[in-house]
Amino acid sequence: MELDMTKGSPFKLILKFIYPVILGNLFQQLYNMADTIIVGRFVGLDALAAVGATGTIFFLILGFMNGLTAGFTVIVAQKYGAGDRDGVKVASLNAMILAAVTTVVVTLIAALGMPGLLRIMHTPDDIFHMSYSYIIIIVEGLAFTVLYNITASLLRAVGNSKTPLYFLILSASLNIILDIVLIVPFGLGVRGAALATIISQAVSGVLCVVYIFKKVKVLVPGKEQLHVDRQIMGNQVKIGLPMALQYSITAVGTIMVQSALNLFGSTVVASYTASNKVTQLITTPYGAMGVTMATYCAQNRGINDINRIRKGVKA
């Protein structure tokens with residue numbers, strides 16, 4: 001299911017690649033949306049506000065890691081477009097190493113700084129404990145979220161945008177089931193919602209890893225490729241960091257809005273939470289376009305076909 005985007009009609013290739021990405025992004029939105037809906041229905045208004053109060057923090061952390069992982073795999077797409085199979089394997093390994101290291105660092109910083117950040121954001125006292133309980137579980141399980149994101153990005157780098165979608169549909173469905181089970185019969189409240197999200201993300205990440213090892217050998221390094229390439233890793237950081245900061249700047253803006261709204265109490269926070277989910281759904285296709293064009297441009301940059309990149313941008 002690999003897709004070489006260096007040959008054929010740019011418009012048709014972009015269209016073929018983008019629709020699974022859009023659907024995948026929509027299903028990824030279902031994770032937090034399912035938490036919001038089920039918590040609001042079965043636990044109450046305060047619980048809904050508690051989940052919503054951490055939504056912008058979730059967006060900041062996840063957005064930063066999404067930008068990094070997407071940037072790390074641009075080099076993989078370039079090597080794939082150039083037909084450099086050894087380079088693809090080395091770049092894939094280096095991307096995984098970078099993702100692992102940054103995940104550990106971000107998890108530690110976020111976990112230690114979370115109480116202070118929630119207070120800086122004026123999180124209402126009546127929902128503070130629930131907000132912290134929800135977001136700290138999400139942070140502690142960040143490795144599973146990143147595992148899916150990096151493996152999905154690797155698959156997309158070689159043109160496979162459908163397989164991550166299939167696994168995401170499965171895990172999103174599992175998330176909804178686990179939300180209901182952990183929140184209603186077990187009565188775990190917001191902690192149950194967070195656990196459901198992390199378990200579901202872990203399942204989708206593991207499935208992507210298994211699929212890569214079984215079906216996408218071009219991404220699996222052999223003994224010859226099991227080494228750190230400083231030049232490749234340096235280029236991955238140069239691309240990944242600006243992409244991560246781009247996502248983060250947007251998230252910082254939403255955190256400022258959230259901080260102001262928190263001053264009005266938990267009812268206003270719950271209202272903002274509900275409307276914000278609709279906004280996220282509407283803007284999903286544009287994020288998918290960015291992912292698609294990153295892969296298209298990277299593969300064609302691998303063969304230095306600038307004219308074809310221009311045609312793709314125009315399309």
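Selection of segment 283-315 for residues being of a type outside the set (V, I, T), in contact (Cβ under 8 Å) with a residue 24 or more places away in the chain and either in contact with a Leu (Cβ under 9 Å, 6 or more places away or on another chain) or within 30 Å of F59 (Cα to Cα) (or both) yields P285, G287, A288, M289, M293, A294, Y296, A298, Q299, G312, A315. With respect to being in contact (Cβ under 8 Å) with a residue 24 or more places away in the chain, part of a helix (DSSP H, G or I) and either of a type in the set (D, E) or under 22 Å from L117 (Cβ atoms) (or both), Q236 falls outside the description. Just one of the numbered conditions (1) more than 20 Å from V51 (Cβ to Cβ); (2) at pLDDT 85 or above; (3) assigned to a helix (DSSP H, G or I) is not true of V228: (3).
Scanning segment 119-130 for any residue that is within 30 Å of G87 (Cβ to Cβ) and either outside any helix (DSSP H, G or I) or among the basic types (K, R) (or both) turns up nothing. Condition first: assigned to a helix (DSSP H, G or I) and among the aliphatic types (A, V, I, L, M). Now tell me which residues in segment 25-43 satisfy that. Scanning segment 25-43 gives L26, L30, M33, A34, I37, I38, V39. Criterion first (under 28 Å from L178 (Cβ atoms) and not aromatic (F, W, Y)) does G8 satisfy it? Spelling it out, it is not the case that G8 is under 28 Å from L178 (Cβ atoms) and not aromatic (F, W, Y). Examine segment 106-118 for a residue that is in a helix (DSSP H, G or I) and within 18 Å of L45 (Cβ to Cβ), and state whether such a residue exists. Checked against the condition, which is being in a helix (DSSP H, G or I) and within 18 Å of L45 (Cβ to Cβ), segment 106-118 yields no hits at all. Candidates are the residues of segment 162-190 that are closer than 30 Å to G87 by Cβ and at pLDDT below 90; the one that is surrounded by the fewest Cβ atoms within 10 Å (Cβ to Cβ) is L165. I'd like to know if segment 303-314 contains one or more residues that are over 22 Å from the mean Cα position of the chain (by Cα), of a type in the set (A, V, I, L, M) and under 23 Å from A95 (Cβ atoms). There is at least one residue in segment 303-314 that is over 22 Å from the mean Cα position of the chain (by Cα), of a type in the set (A, V, I, L, M) and under 23 Å from A95 (Cβ atoms). Looking across D4, D46, one residue alone is over 30 Å from R310 (Cα atoms), of a type outside the set (A, V, I, L, M, F, W, C) and either part of a helix (DSSP H, G or I) or over 21 Å from the mean Cα position of the chain (by Cα) (or both). It is D46. Out of the residues in segment 76-102 that are in a loop (DSSP other than H, G, I, E, B) and not charged (D, E, K, R), which is surrounded by the most Cβ atoms within 10 Å (Cβ to Cβ)? Only one residue tops the list, namely A82. Would you confirm whether any residue within segment 191-210 is surrounded by 17 or more Cβ atoms within 10 Å (Cβ to Cβ), at pLDDT below 95, touching a Leu at 6+ places or on another chain (Cβ under 9 Å) and part of a loop (DSSP other than H, G, I, E, B)? No, because not a single residue in segment 191-210 is surrounded by 17 or more Cβ atoms within 10 Å (Cβ to Cβ), at pLDDT below 95, touching a Leu at 6+ places or on another chain (Cβ under 9 Å) and part of a loop (DSSP other than H, G, I, E, B). Of all the criteria given as (1) touching a Leu at 6+ places or on another chain (Cβ under 6 Å); (2) among the β-branched types (V, I, T); (3) modelled with pLDDT of 90 or more, the one not satisfied by T69 is (1).
Per-residue answers, yes or no, for (1) under 21 Å from T103 (Cα atoms); (2) surrounded by fewer than 17 Cβ atoms within 10 Å (Cβ to Cβ):
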| position | (1), (2) |
| --- | --- |
| G234 | yes, yes |
| K238 | yes, yes |
| M243 | yes, no |
| V269 | no, no |
| I282 | no, yes |
| A294 | no, no |
| Q299 | no, no |
| K311 | no, yes |
| K314 | no, yes |
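When you check T267 against the structure, is it over 26 Å from the mean Cα position of the chain (by Cα) and either among the charged types (D, E, K, R) or in a helix (DSSP H, G or I) (or both), yes or no? The answer is yes for T267. Restricting segment 1-52 to residues that are among the polar types (S, T, N, Q) and under 23 Å from K162 (Cα atoms) leaves a set whose member that is surrounded by the most Cβ atoms within 10 Å (Cβ to Cβ) is Q28.
The values are calculated or read from the model by the stated rules, or taken from the named source; none is laboratory data. Note that the structure is predicted; figures quoted are calculated from it, not measured. As a convention, Cβ positions derive from the backbone with ideal geometry for all residues, glycine included, and neighbour counts pool all protein chains shown.
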